[in-house]
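Presented below is the structure to which this report refers.
What follows is calculated from the coordinates using simple rules that are stated; it is not laboratory data. Just so it is clear, the model here is predicted, and its values are computed rather than measured. Glycine gets a Cβ as well: all are built from the backbone with ideal geometry, and neighbour counts include every protein chain shown.
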Amino acid sequence: GAVVSQHPSRVICKSGTSVKIECRSLDFQATTMFWYRQFPKQSLMLMATSNEGSKATYEQGVEKDKFLINHASLTLSTLTVTSAHPEDSSFYICSARPWRVGVVAGGDNEQFFGPGTRLTVL
Amino acid sequence: DAKTTQPPSMDCAEGRAANLPCNHSTISGNEYVYWYRQIHSQGPQYIIHGLKNNETNEMASLIITEDRKSSTLILPHATLRDTAVYYCIGAAGNKLTFGGGTRVLVKP
């Protein structure tokens with residue numbers, strides 16, 4: 001149980017285009033989902049926190065107009081990278097926090113992570 | 001989130017126990033210690049977490065010092081598939097803040 005999927009797993013696009021990445025919790029509901037970015041040989045950096053039915057909360061330095069987040073249901077959040085540029089090339093990872101923490105063993109902060117999406121902007 | 005300090009890398013032998021240290025001297029009373037690992041090019045995987053008491057599950061054991069300023073993750077019988085970056089995180093509330101982690105290489 002507690003599986004999170006991401007689609008696509010890998011995408012290559014031209015500079016200036018927009019790319020949408022989907023994050024789905026497959027067997028649980030998640031009121032909160034998180035989006036991270038990871039550059040090569042670096043750690044994960046939280047970009048934004050996405051709450052179902054409300055606006056996302058972005059971390060300092062992350063442009064909300066460039067990284068559009070939509071969390072329209074309890075099982076789906078999307079990240080759209082608008083007008084992508086080569087410097088946006090990265091590994092994007094989402095995670096989901098179960099709606100009822102009593103369902104899983106991890107407590108308040110247990111998050112289940114997707115497999116990641118590797119974005120390459122040419 | 002509490003700042004955590006981990007050694008950047010360590011090797012361990014297949015079949016032996018791997019002991020991964022973490023310092024979190026500024027951890028506050030309501031912050032849990034979480035351990036995640038990330039195998040190359042995959043999303044992080046939850047391992048274990050604890051507040052004050054030692055914890056054990058099917059993957060690992062977590063030993064937290066009485067003053068809560070440090071902890072040790074123990075992989076009882078390391079396998080080659082345990083090669084990964086292991087992250088120790090002190091967290092309360094909603095966010096997980098990932099530090100540099102420890103790159104663990106399990107050798108045959």
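Each residue in A:Val11, A:Val3, B:Val106 was given a count of other beta-carbon atoms within 10 angstrom of its own, and listing them fewest first yields A:Val3, A:Val11, B:Val106. Counted over chain B with a bin width of 10 Å, the fraction of Cα pairs per bin, in whole percents, is 16, 51, 29, 4, 0.
Across chain B, the relative contact order, built from alpha-carbon pairs under 8 Å that are at least six residues apart, equals 38 percent. Taking other residues whose beta carbon is less than 15 angstrom from the beta carbon of B:Val106, and scoring Lys, Arg as +1 and Asp, Glu as -1, yields +2. Each of A:Ser50, A:Ser5, B:Ser61 has some number of other Cβ atoms within 10 Å of its Cβ, and from fewest to most they run A:Ser5, B:Ser61, A:Ser50.
Peptide B:47-59 has a mean of 1 when you count, residue by residue, the C-beta atoms of other protein chains within 10 Å of its C-beta. Placing unit charges on the Cβ atoms of the charged side chains and taking the dipole of the protein assembly as shown about its Cα centre, the candidate lying farthest along the positive direction among B:Gly99, B:Val33, A:Ser90 is A:Ser90. Using the Cα coordinates of the protein assembly as shown, the gyration tensor eigenvalues translate into equivalent-ellipsoid semi-axes of 30, 20, 16 Å, sorted from longest to shortest.
Here the spin labels are modelled as points 7 Å beyond Cα on the Cα-Cβ line, and at B:Thr97 and A:Asn70 they lie 3.3 nm apart. Ranked for footprinting exposure by Cβ neighbours inside 10 Å, fewest first, A:Glu63, B:Glu14 give A:Glu63, B:Glu14. Round to a whole angstrom and tell me the spacing of the C-alpha centers of the range B:34-108 and the range A:13-70. With the range B:34-108 and the range A:13-70 each reduced to a Cα centre, they are spaced 24 Å. Relative to the Cα centre, the charge distribution of chain B, modelled as +1 at Lys and Arg Cβ and -1 at Asp and Glu Cβ, gives a dipole magnitude of about 180 debye.
Rounded to the nearest 20 debye, the dipole magnitude of the protein assembly as shown is 420 debye, with +1 charges on Lys and Arg beta carbons, -1 on Asp and Glu beta carbons, and the Cα centre as origin.
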